[in-house]
């Protein structure tokens, strides 16, 4: 039987993905702070290590797939947001890499990024670089320097941009593609999850979220994103490597229609 691990399996996109995959007779190991087989706090290093070791014990040291859905959004403590969204994601990707390489044929990893990576202005590149360098203390110090009501939005977007860049930088490598692991990311837009509901009700950020332009007309659903993730966990993704799949109702295309793709000069 196919076995996959899903972080953030207790609610939102993670829960919808779990339900869909189990309906396809996939064995799912859920990882969340509550309501999961592995109950760990991915905002701490100890919690991440506990999640990795406990999952590998249940899975017998081998995984066929991984989905990193765990995360928080505004309103939330910016440092803890960065810790969960980025450091929690990165450490589990690294921690499960060997188990994914032991599968029969290809294995599949879907990291959940966000369209905030492209539609949020002025994301500090130094902050994203600190994330990719795995320098937690410096990343938190940079957040302290921002010190504005926008720091939560900056932290969120930076964490998701780090996820996207990790995927692009690592997916084609021998460690990943060379070991039969197809690493890709999905970049959802505004999806009606409990996290989005809390953001909409926030006095600082609620108005901006309500007025986010979505050409197709409404917020997306976790069930819809789960269908895309299921495809990316299947053999349909055998020729996908380092792809960022935007499923955001057209927001990115509307806001920055000619920014990407771009050619480059040799």
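Just so you know, all these numbers are worked out from the coordinates, no wet-lab data involved. From a predicted model like this one, the values you see are computed outputs, not experimental measurements. Here the Cβ is made from the backbone with ideal geometry for all residues, glycine too, and neighbour counts use every protein chain on show.
So the values come out like this:
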quantity: Relative contact order [Cα under 8 Å, 6+ residues apart], the chain, whole percent; calculated: 21 percent
quantity: MRE, 222 nm, helices only [DSSP H, n ≥ 4, -39500 (n - 2.57), over the chain, to nearest 500]; calculated: -12500 deg cm²/dmol
quantity: Cα gyration tensor shape for region 156-218, rounded if a/c is under 1.5, else prolate or oblate; calculated: prolate
quantity: Helix 12-23 vs. the chain, principal-axis angle (Cα, 0 to 90°, nearest 10); calculated: 30 degrees
quantity: Sequence-separation-based contact order of region 188-253, relative, with Cα cut under 8 Å and 6+ spacing, percent; calculated: 49 percent
quantity: Among 119-127, 28-36, the order from most to least packed when residues are scored by Cβ within 10 Å on average; calculated: 28-36, 119-127
quantity: Degrees between helix 45-59 axis and first principal axis of the chain (Cα, 0 to 90, nearest 10); calculated: 30 degrees
quantity: Alpha-carbon centroids, region 207-254 and region 1-77: separation in whole Å; calculated: 20 Å
quantity: For region 22-177, fraction of C-alpha pairs farther apart than 25 Å, in %; calculated: 31 percent
quantity: Folded to 0 to 90 degrees: helix 222-232 orientation relative to the chain principal axis, Cα; calculated: 50 degrees
quantity: Three-way shape call for the chain based on the alpha-carbon gyration tensor, with the a/c threshold at 1.5; calculated: rounded
quantity: Rounded Å value of the spacing that divides the Cα centres of region 166-187 and region 82-128; calculated: 10 Å
quantity: Contact order relative to length of region 38-102, as percent, for alpha carbon pairs under 8 angstrom and 6 or more apart; calculated: 43 percent
quantity: Cα-Cα P(r), region 100-234, percent of pairs per 10 Å interval; calculated: 11, 34, 33, 18, 3
quantity: Footprinting exposure proxy for 207, 11, 114, 251 (fewest neighbouring C-beta atoms within 10 Å first); calculated: 207, 11, 251, 114
